[in-house]
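Step one of this worksheet: look at the structure below.
The values are calculated or read from the model by the stated rules, or taken from the named source; none is laboratory data. For clarity, every value in this text was computed on a predicted model and none was experimentally measured. So basically every Cβ, Gly included, is an ideal-geometry build from the backbone, and we count neighbours across all protein chains shown.
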Amino acid sequence: MKLLGREPAAWLALIAVAVKLAAAFGLDVTDGQQATINAVAAAAMGVIIAAVAHDGVGAAIIGLAQAGLALALGFGLDWTADRQAVVMAAVTVVVGMWDRTQVTAPIPATAAPSPKRVA
């Protein structure tokens, strides 16, 4: 994990401070939008950490998609709850199909043993 070193939380704090500094010096964002930007940054960090650790990347990607959708809604995307649900369902299915190609079963695939006949 050389990209983030040993302090991913410090990188997240840096992003949060950068957003607050930008808002203090002219970036026109509300408190809610700042919180949403930080949530997306945290979700993105989760994806990076999951990818580096080779653990749970699919779940992290779905979380990032949810955070991204929340960010878009926070900045004015006008989607109904139904449309949001359909998009998130599609993301979940696509990630699930991708995850399926990334997982190796701990037990090799073999033919099921035939049942014993009792005479």
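Among the residues that make up region 20-30, is at least one of them at pLDDT 85 or above and closer than 17 Å to Ala9 by Cβ?
Yes; the residues of region 20-30 include at least one that is at pLDDT 85 or above and closer than 17 Å to Ala9 by Cβ.
So that you can scan it fast, the table gives a plain yes or no per residue for (1) more than 29 Å from Met97 (Cα to Cα); (2) part of a helix (DSSP H, G or I); (3) modelled with pLDDT of 85 or more; (4) touching a Lys or Arg at 6+ places or on another chain (Cβ under 9 Å):
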| residue | (1), (2), (3), (4) |
| --- | --- |
| Leu3 | no, no, no, no |
| Thr36 | no, yes, yes, no |
| Ile48 | no, yes, no, no |
| Ala51 | no, yes, no, no |
| Ile61 | no, yes, yes, no |
| Gly68 | no, yes, yes, no |
| Leu77 | no, no, yes, no |
| Asp82 | no, yes, yes, no |
